[in-house]
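The values are calculated or read from the model by the stated rules, or taken from the named source; none is laboratory data. This is a predicted model, so every value here is computed, not measured. Virtual Cβ from ideal backbone geometry, glycine too; neighbours counted across all protein chains shown. What goes into the accessible areas is simple: the full protein's heavy atoms, side chains included, and nothing from ligands, DNA or RNA. Shrake-Rupley method; radii C 1.70, N 1.55, O 1.52, S 1.80 Å.
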Amino acid sequence: MSTDIMLKDVRLSFPRLWTPAEYEAGDGKPRWSATFLIVPGSTNDKAIRAAIQAEAAETFKDKAKGLLAQFTGNSQKFCYLDGAPGGEPKYDGYEGHWALTTHRQKNSKAGVQPAPLIIDANKAPLAEDAGKPYAGCYVNAKVSIYAQTGENPGIRASFSAVQFWRDGDAFSGSTPNTDGFDVAAGSDADDFQ
């Protein structure tokens, strides 16, 4: 079981949207991934927290409260973390936010999953060379919260679609910046815009 949520107007971080990569080199488990930064107390935050509670109660029954207490704050067990634990953000844009870390396995028990849908604000499909979405922009996203049992129990999240919504300040290293470069004589400056 899983609970599906539509996140609205959230910042995107660490996007791997077009080409899946292995978590650990050689593990044979390629996945797409994205982290969404959530404002505490927002509609998005409330929906995520409600989904976590519902999934834990459904899956873990009377052990839900205790297991959630164990999982919370552990990035290996819990998909929703304080973006600045102890007041110290580790990454650009995380201060004052919670981070929902999501992954989409290419190969699952159900077979090979299709790539996530990546679209523009007008719902047109976006290719990787479009330059968006990028780390730091704002997106809408379809995510699923689920509880995992077995050897590695926890609360996880997946995503199936990301819609570029609006520009934001790019996080370091997320988009090319050609400021400060000159254009060579005889070249077409528009080629580099």
(message) Probe of 1.4 angstrom, ligands and nucleic acids ignored: what's the accessible area per residue over segment 1-127, in square angstrom?
(response) 58 Å²
(request) Tally up the carbon and sulfur contribution to the accessible surface of the chain as a whole percent, 1.4 Å probe, everything protein left in place. (result) 50 percent
(message) Restricting to Cα pairs below 8 Å that are 6+ residues apart, what does the relative contact order work out to for segment 54-140? Please round to a whole percent.
(response) 13 percent
(request) Report, in deg cm²/dmol and to the nearest 500, the calculated mean residue ellipticity at 222 nm for the chain, where each DSSP H run with n ≥ 4 adds -39500 (n - 2.57) and the sum is divided by the residue count. (result) -4500 deg cm²/dmol
(request) Please list, in chain and number order, the residues 5+ apart from Asn107 or on another chain whose amide H is under 5 Å from its amide H, with Hs placed from the backbone. (result) Gln113
(request) Could you work out how far apart the two model spin labels at Gln70 and Gln148 are, taking each label as a point 7 Å from the Cα in the direction of the beta carbon, and quote it in nm? (result) 1.5 nm
(request) Under 25 Å Cα to Cα from Lys132, which lysines show up? Leave out anything in the same chain fewer than 8 places away. (result) Lys8, Lys90, Lys106, Lys123, Lys142
(message) Quick check: the angle from helix 43-60's long axis to the longest principal axis of the chain, C-alpha only, nearest 10 degrees?
(response) 40 degrees
